[in-house]
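Here the structure is laid out as structure tokens; the discussion comes afterwards.
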Amino acid sequence: MTNTTFLDKIAKTIIDNYDHKLSDLVVVLPNKRAKVFLIEAMKNATDKTVFAPQIISIEDFVQEIANIRSIDSIELVFEFYEVYLEITAKEKQQTFELFANWGKTLLQDFNEIDRYLLEPNHILSYLKDIEDIKHWSLDAEKRTKMIDSYLQFWDLLPKYYESLYNHLLNKGIGYQGLIYREAVKNLDSFSNSIGSTEYLFAGFNALNASEEKIVQHLLASDKAKIFWDADDAFLTDPFHDAGLFLRRFKESWTHYKANPFEWIVNDFSATKNIQIIGTPKTIGQAKIAGDIIEKHIEQNANSLNKTAIVLGEENLLVPLLYSLPNSVGALNITMGYSGKNNPAQILIAKLFKMHTNALSRNQNSYVFYYKDVLDILTHPLVEPYAKTGDLVKIINSNNYTFITQNKVFELEQNKSELFLLLFQKWENGAMPVLEVISKLLLQIKSNLSNDSEEEKITKAFVFSIFKVINKLMNYYSNHQHIDTIDTLYAIYKQIIDLAEVSFEGEPLNGLQIMGVLESRVLDFDTVIVTSMNEGKFPAGKTQNSFIPYDVKIELGLPTYKEKDAIYTYHFYHLLQRAKTIYLLYNTESDGLDGGEKSRFITQLEVEKQKNHTITHEIYNATLPDVAYQPIVIPKSEKVMERLKEIAENGFSPSALTSYIRNPIQFYMQKILRIREVEEVEENIALNTLGTIIHGTLEELYKPLLGKFLSSEDIKNCITLIDDEVLKQFKEVYKEGEIKKGRNLLAFEVAKRNVLNFLKVELKEIENGDAVKVLALEKTYERKLEHPSLPFPVLIKGNVDRIELRNGKIRIIDYKTGKVEARDVTLKQWDNLTSEIKSDKIIQVLAYAFMYEPNLQSEEMEVGIISFKNLKNGFLPFNFKVDKTENTIINEEISVNYVEQLVVLLNEILNQDISFEEKI
């Protein structure tokens, strides 16, 4: 019997004892999932053709006795709100959102009170008395309005309960507790009406008071039998939580005073190989589970038929699916996957966010925020099918920060059905919004095929949200007074937790992936359990109830102690008949999510059975010997062709300094011609600010080209600053918002920088400087021919400003960042082109090199004006040896610079020198 599963034993019992009356037998199991496995076990237990008995879950059975339809928790909240509005004075009525927050908790307490057949008036009045005692010391006149309202709430609890109970009963519907209570009331008439039908209860552990009463009644009437799956190791240990409920039933049920307690097995103490594996981070567990499965397939491909992965945390499902090897053929997922992590839900949540923001932003126009729009357009369920790539580019390139709904429709050429559903206005209440979302989900579902497992799973995700939306439509059609978009979103957020995804699979074949509760009654040879961390498995202590802990103890209601005992039974039942067990846990402490292994692991180690082999290891990701290997790219013939092309078209000074900073950056930008991804620049970046200042100065000085500047000219420029900066902002920043927040500050900074520059210029002219502007933002070029270069190289670049000042040619490069005099001072020529700190010198001397052929007899200096260092004015290139300084570009400087430039160009153009990343 050791290798026989529990369901095999049940199947054999049914075939042996009920062979002649299978049509009169009803088998009641803890959940619906085990039904398929029981039928398979019965097939294997007989070689005859027989009619299977009726197999139902305990909840369906109790519903049958009560003859009341079960409603889900959201419908229940709506029904409760109806009752609440009827019995609460109009001035004290809360909105649905506020009501739902405490209403759900109260409904859980009503449910527990009913399931455990307690007297509701007694308990709810008891709670009122407790609250009264807490405030007894306050004199009547000292009681605030808030305290009075608070105590009135507790006073109303019995009325809420009674009104809701009767309201639901009249409609023939109910929550679980109500159905259980009514089933117990209906027990006598039910047992009299069942005739020759017999019931077989199998695989239970924890029963609430109602279930106990029902089962014991049928046992006493000789209408039922019950078979437990109790292991001797847990049952005989008075402190072992896995046997907590079974010990209680064995000792307290009248039935067991005259009948044996069946079945007590001895499977847990059999030979088992238990491997405890710790790994950093949750994702590591998914990877390890995938590796374990791969090894099992290599050893025996058929071993997966009796293998289960039990997820302690449901959000591990998707990482696990990606971690499984391709050799996994059949796969069956039977677990609730939370709606919160569902990609379809994430899309709908983003849609709500976009439209509710648009509604609240401006009463007169429907304005979207660009991030909300891009979040929708780039979502994986939208992007491949909406074909709105051009719209994304337009938004990014034109810096649309806020964009009206009309503008979105105007800009999008391809208005597909999907696009129209996403961006049509939400203005007519909740019901039309739900209809739009329902159509949208159907449209998305129709875009998906069944070609791959991934698309099948995505379809299941979409369908689960579609069902929730349709339920909401049903609720809203019956409760039309709750009709605002905000309320709809609040309700949607609350119910999305219930939108668990149901996956279709082959339950009898291949690898089984399930949650803890789905593993009930089933047995596997190999079990992999993840998230074996304290607080995850078992779950932590939660007290989501209005009933205090000590009151629960006194009344016999379950507390976290019982919840822990249920988890304990499920865990040990998983191990009970398994031969190979892997327990995976996270070793990493992530804030509140501590890396403490589960007490179940410690318990296994402390209470080790003699036939158990337990190993414990920590898996860490293999660390490479070198943290990061710099990128090295050899120069192929194609690269050399491109370099020759650049040499012919022109190396810019910025391209040269880009190479010095990082050759790989030069390779990406100049050889591969990869441009930066265009994104909406919500806050003006420094380079954009620089472009605006450059453009403003160019436009202000353009009318003054070729003439000596007067103080009046500069004063006139100062009056034009505001208009010109605004014009430049609109040209460069396009549709971006510049009248608010940080952008308004940037706008003012641009104006201030230009004004300060012009003030310095004005002061210098008033002090006698003769200044003639010769060129603005002009491109110059000069061919560099040298014996050591493989071919001539054109040096070409854009010069910000060239002027004749007091008889000298001055070439100026504007910098919006801070530059000091030392940044353009050189003490020796050696290694000029190999040091990053010399980049500004290389750049300004390149301008001097390009302009040199245009010189007649004038002296020339070249340098930088830094807008963050305007007090120091023009910062000229300065060659400093000992204490001698020279700012004039003479022949010696020119020759030395060209020699250094040739060294740099030879390195760039040498095919034997690879592009190597600087880190």
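The values are calculated or read from the model by the stated rules, or taken from the named source; none is laboratory data. No experiment lies behind these values; they were computed from the predicted model shown. Cβ: placed from backbone, ideal geometry, glycine included. Neighbour counts: every protein chain shown.
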query: In the range 318-326, is there at least one residue being more than 30 Å from Leu418 (Cα to Cα), under 20 Å from the mean Cα position of the chain (by Cα), touching a residue at least 60 places away in the same chain (Cβ under 8 Å) and not assigned by TED's automatic domain parsing to the domain that holds Phe423?
result: yes
Qualifying positions in the range 483-522 - at pLDDT below 75, of a type in the set (Gly, Ala, Ser) and under 24 Å from the mean Cα position of the chain (by Cα): Ala499, Ser502
- prompt: Taking helices (runs of 4 or more DSSP H) that fall entirely within the range 49-142, which contain at least 2 residues that are within 30 Å of Leu472 (Cβ to Cβ)?
  reply: 58-66, 73-87, 96-115
- request: Mind checking which helices (runs of 4 or more DSSP H) fall wholly inside the range 167-256 and carry at least 3 residues that are in contact (Cβ under 8 Å) with a residue 40 or more places away in the chain?
  value: 176-185, 209-220, 244-252
field: Single condition Lys48 does not satisfy, out of (1) without any contact (Cβ under 8 Å) to a residue 12 or more places away in the chain; (2) touching a strand residue (DSSP E or B) at 6+ places or on another chain (Cβ under 9 Å)
entry: (2)
- prompt: Does any residue in the range 544-565 that is outside the structural domain of Asn205 (by TED's automatic domain parsing) and more than 19 Å from Thr105 (Cβ to Cβ) come within less than 8 Å, Cβ to Cβ, of a residue that is surrounded by 15 or more Cβ atoms within 10 Å (Cβ to Cβ) and at pLDDT below 85 six or more places away or on a different chain, and which pairs are these?
  reply: Asp564/Pro538
field: Condition met for Phe96 (within 24 Å of Leu169 (Cα to Cα), modelled with pLDDT of 85 or more and in the same structural domain as Asp114 (by TED's automatic domain parsing))
entry: no
statement: Within the range 543-570, of all residues that are more than 17 Å from Gly243 (Cβ to Cβ) and β-branched (Val, Ile, Thr), the one surrounded by the most Cβ atoms within 10 Å (Cβ to Cβ) is Ile547
field: Test set (1) of a type outside the set (Lys, Arg); (2) more than 40 Å from the chain's Cα centre (by Cα); (3) closer than 14 Å to Ala224 by Cα; (4) crowded, with 18+ Cβ neighbours inside 10 Å - Phe61 fails condition number
entry: (2)
Test result for Ile809, at pLDDT 90 or above, in contact with a strand residue (DSSP E or B) (Cβ under 6 Å, 6 or more places away or on another chain) and on the phi < 0 side of the Ramachandran plot: yes
message: Please list, ordered by residue number, the helices (runs of 4 or more DSSP H) wholly in the range 684-799 having 1 or more residues that are in the same structural domain as Gly650 (by TED's automatic domain parsing), closer than 26 Å to Gly817 by Cα and more than 55 Å from the chain's Cα centre (by Cα).
response: 711-733, 741-766
- prompt: Scanning for something assigned to a strand (DSSP E or B) and either closer than 25 Å to Gln828 by Cβ or more than 51 Å from the chain's Cα centre (by Cα) (or both), does the range 891-899 turn up at least one residue?
  reply: no
statement: Of (1) β-branched (Val, Ile, Thr); (2) in contact with a strand residue (DSSP E or B) (Cβ under 7 Å, 6 or more places away or on another chain); (3) outside any strand (DSSP E or B); (4) loosely packed, with under 15 Cβ neighbours inside 10 Å, Ile664 fails just (4)
message: Looking at the range 871-882, I want the residues that are on the phi > 0 side of the Ramachandran plot and have a partner that is at pLDDT 90 or above and part of a strand (DSSP E or B) with Cβ atoms under 9 Å, at least 6 apart or on another chain. Which pairs are those?
response: Gly873/Ile865
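Listed here are the residues, each with its yes/no results for (1) assigned by TED's automatic domain parsing to the domain that holds Gln405; (2) touching a Cys at 6+ places or on another chain (Cβ under 9 Å); (3) hydrophobic (A, V, I, L, M, F, W, C); (4) buried (at least 19 other Cβ atoms within 10 Å of the Cβ).
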residue: Lys415; (1), (2), (3), (4): yes, no, no, no
residue: Leu442; (1), (2), (3), (4): yes, no, yes, no
residue: Asn450; (1), (2), (3), (4): yes, no, no, no
residue: Ile465; (1), (2), (3), (4): yes, no, yes, yes
- request: Just one of (1) surrounded by fewer than 20 Cβ atoms within 10 Å (Cβ to Cβ); (2) closer than 27 Å to Arg577 by Cα trips up Ala202, so point out which.
  value: (1)
query: Do we have any residue at all in the range 212-219 that's of a type in the set (D, E, K, R), more than 41 Å from the chain's Cα centre (by Cα) and within 20 Å of Ala11 (Cβ to Cβ)?
result: no
message: Against the definition (buried (at least 16 other Cβ atoms within 10 Å of the Cβ) and of a type in the set (A, V, I, L, M)), how does Ala647 come out, yes or no?
response: yes
- request: From the list Leu124, Leu151, Leu117, Leu107, pick out the single residue that is surrounded by 14 or more Cβ atoms within 10 Å (Cβ to Cβ) and under 30 Å from Leu200 (Cα atoms).
  value: Leu117
- request: Determine if the range 742-756 includes at least one residue that is exposed (fewer than 14 other Cβ atoms within 10 Å of the Cβ) and at positive phi.
  value: no
message: I need the helices (runs of 4 or more DSSP H) fully contained in the range 367-469, keeping only those with at least 2 residues that are more than 26 Å from the chain's Cα centre (by Cα) and at pLDDT 85 or above.
response: 389-397, 405-411, 417-423, 430-447
field: Options Arg642, Arg675; residue that is of a type outside the set (S, T, N, Q), surrounded by fewer than 18 Cβ atoms within 10 Å (Cβ to Cβ), part of a helix (DSSP H, G or I) and without any contact (Cβ under 8 Å) to a residue 40 or more places away in the chain
entry: Arg642
